[in-house]
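> This structure is in structure tokens; I'll ask about it shortly.
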Amino acid sequence: MKKFLQFVDAADDAVTYPADRLLGMTVATDATLLMKFESSIGSFGTDGAAADIVTLTITADTEKAVMKAISDEIALGDAPTIVVCDDVGSVFLHTDIASCTIAIDS
């Protein structure tokens, strides 16, 4: 079954990515987790490096637990659409996810 990851950071600002377009998760700073996806608009920049970045604000020092929860849900979850972060509806995949921001083709 194909899986999708969904993020909502404002009433009219949301994205849903196929899980197989997730390139990786990186701890940027304490309490900040970056999720990098293949560009949704396909520009990939002139050097092929452009990507979409979803920044998760999380509880400090919970990066490993949050990354594991996301990975486990992709691998083992039953739902085809995984809501990782919905700031508007206050729905979060893990209790340590507080909010998200979306940057398309950064």
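> What number comes out for the charge environment of A69, summing +1 per Lys or Arg and -1 per Asp or Glu over other residues with Cβ under 13 Å away?
Net of charged neighbours comes to -2.
> So, one more: In nm, to one decimal, how far is the A79 label point from the M1 one, both placed 7 Å along Cα→Cβ?
About 1.2 nm, to one decimal.
> Give me the number: length gained by fully extending D30 to A98, i.e. 0.36 nm times residue separation minus the C-alpha to C-alpha distance, one decimal in nm.
Values: separation 68, 0.36 × 68 = 24.48 nm, distance 1.33 nm.
Separation in residues times 0.36 nm, less the Cα-Cα distance, equals 23.1 nm.
> Quote the relative contact order of the chain in percent (integer), defining contacts as alpha-carbon pairs under 8 Å separated by 6+ residues.
Answer for the chain is 34 percent.
> Under 5 Å between amide hydrogens, which residues at least 5 positions from K3 or on another chain qualify, with H placed 1.01 Å from N in the peptide plane?
A19, D20
> Taking only Cα atoms, what is the 0 to 90° angle, nearest 10, from helix 63-76's long axis to the longest principal axis of the chain?
Long axis of 63-76 versus the principal axis of the chain: about 80 degrees.
> Another one. Taking the chain as a Gaussian network, Cα atoms linked when under 10 Å apart, which of I74, I58, I41 shows the biggest mean-square fluctuation?
For the chain, modelled as a Gaussian network with Cα springs under 10 Å, the answer is I41.
> Using only the Cα atoms of the chain, what do you get for the radius of gyration and for Dmax, in Å?
Looking at the chain, its Cα Rg and Dmax stand at 13.1, 39 Å.
No value in this document is a laboratory result; all are computed from the given coordinates. What you are looking at is a predicted structure, and each value in this text was computed from that prediction instead of being measured. Note: ideal-geometry Cβ built from the backbone for every residue, glycine included; neighbour counts use all protein chains shown.
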